[in-house]
There are 2 protein chains.
Amino acid sequence: MTEDNTTKKAKNSEDSVVFVGGKPFMNYVTGVVMQFTTQNAKEVVIKSRGKFISRGVDIAEVATKRFLEDTVEVSNMKIDSEEFENKEGKQVRVSTMEITVKKK
Amino acid sequence: MTEDNTTKKAKNSEDSVVFVGGKPFMNYVTGVVMQFTTQNAKEVVIKSRGKFISRGVDIAEVATKRFLEDTVEVSNMKIDSEEFENKEGKQVRVSTMEITVKKK
């Protein structure tokens, strides 16, 4: 938590990503909101995969419409797929989504 | 299934929406693919809500990357929320997503 500029910049660009998983829903919403309110982030990227994509959208909606209404907005969305081999050696495809939320 | 132009146009604009629900996954993928291959649709909108949003993304990814590679692409994405009162009179929020897939 040093405050010199270089560290801060690096920290901001790295930290402004929220990976969606199985923790309680509000953890993620708070995570996004705090990036803007206490970390002064300009944008936050919400990254999700597979079944967590629905959650990623929920998080973006609640953060932008309930907590940071009029302050932030969804500026970009990207969907993609990743292919990999699972433990049984079978080729598996998983969808991924990135939602960028940006200060207005 | 009349073939005069007016009916066809009306049909195309109405039919080119796929609502994602709990049917077998491939039903939806086939639905999207067939709109392009047999109905000659220029674009198809995949609409999903709540937990089905992840599926909507999967459908778009499989249709565009596995079945109609090089022919169609995701041209637009939109997320939103709907608020309504549930049976218990409680205010509930649900996320919605629209993915537009378009002929290249």
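None of the figures in this text is laboratory data; all of them are computed from the coordinates on show. Bear in mind that the values here come from a model prediction, so they are computed numbers and not experimental data. Here the Cβ is made from the backbone with ideal geometry for all residues, glycine too, and neighbour counts use every protein chain on show.
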Selection from the stretch A:43-90 of residues small (Gly, Ala, Ser) and in contact with a helix residue (DSSP H, G or I) (Cβ under 8 Å, 6 or more places away or on another chain) yields A:SER48, A:GLY50, A:SER54, A:ALA60, A:ALA63, A:SER81
When every residue in the stretch B:33-71 that is in contact with a strand residue (DSSP E or B) (Cβ under 6 Å, 6 or more places away or on another chain) and among the small types (Gly, Ala, Ser) is compared, the one surrounded by the most Cβ atoms within 10 Å (Cβ to Cβ) is B:ALA60
A:LYS23 meets each of (1) farther than 26 Å from B:GLU98 by Cβ; (2) in contact (Cβ under 8 Å) with a residue 12 or more places away in the chain with one exception, condition (2)
Subset of the stretch A:72-95, residues within 14 Å of another protein chain (Cβ to nearest Cβ), more than 17 Å from B:SER81 (Cβ to Cβ) and among the acidic types (Asp, Glu), comes to A:ASP80, A:GLU82, A:GLU83
In the stretch A:72-104, anything surrounded by 14 or more Cβ atoms within 10 Å (Cβ to Cβ) and either among the β-branched types (Val, Ile, Thr) or assigned to a helix (DSSP H, G or I) (or both) is listed as A:VAL72, A:VAL74, A:ILE79, A:VAL94, A:THR96, A:ILE99, A:THR100, A:VAL101
Cβ pairs under 8 Å, 6+ apart or interchain, first in the stretch B:65-84 and touching a residue at least 40 places away in the same chain (Cβ under 8 Å), second not basic (Lys, Arg), ordered by first then second residue, are none
Note on the stretch A:59-71: residues among the β-branched types (Val, Ile, Thr) and more than 14 Å from chain B (Cβ to nearest Cβ) are A:THR71
Residue hits (the stretch B:29-58; away from chain A (no Cβ under 11 Å), under 28 Å from B:GLU82 (Cβ atoms) and polar (S, T, N, Q)) are B:THR30, B:GLN35
- prompt: Does the stretch A:32-41 contain at least one residue that is outside any helix (DSSP H, G or I), touching a Ser or Thr at 6+ places or on another chain (Cβ under 7 Å) and of a type outside the set (Ser, Thr, Tyr)?
  reply: yes
